[in-house]
1. How would you order 40-46, 27-33 from highest to lowest mean count of nearby Cβ atoms within 10 Å?
2. Working from Cα positions, state the angle (0 to 90°, nearest 10) between the long axis of helix 63-74 and the longest principal axis of the chain.
3. Please give the per residue volume of the convex hull enclosing the alpha carbon atoms of the range 4-74, rounded to a whole number of Å³.
4. Considering only C-alpha atoms, what is the centroid distance from the range 30-53 to the range 1-18, in Å?
Amino acid sequence: MLSLLALSLICLIALPVFLLGMVLLSVPFLVIMAILPWLLRIIAVVLLLRALLDQPFQFSSLLPAAIAFLLSLVL
């Protein structure tokens, strides 16, 4: 059975490890979330050009470009 001292030492060691893990995981997530609207706009332009150059032209092929652009505005 763990004594109170051992349990407090485990918690004291686990807290910085947990905080360091959260920092290491959150920084790439924040970078991705910062770049995501720009990437979605680039994807929307590429999908729009692909839809406009597609033969025969269909309005339904514009839908993925519109969705990507709207998502970039939301984020």
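FYI, it's all coordinate maths here, none of it is from the lab. Since we're looking at a predicted model, the values are computed, not measured. As a convention, Cβ positions derive from the backbone with ideal geometry for all residues, glycine included, and neighbour counts pool all protein chains shown.
1. Going by the mean number of other Cβ atoms within 10 Å, highest first, we get 40-46, 27-33.
2. The angle comes out near 40 degrees.
3. That works out to 106 Å³ per residue.
4. 47
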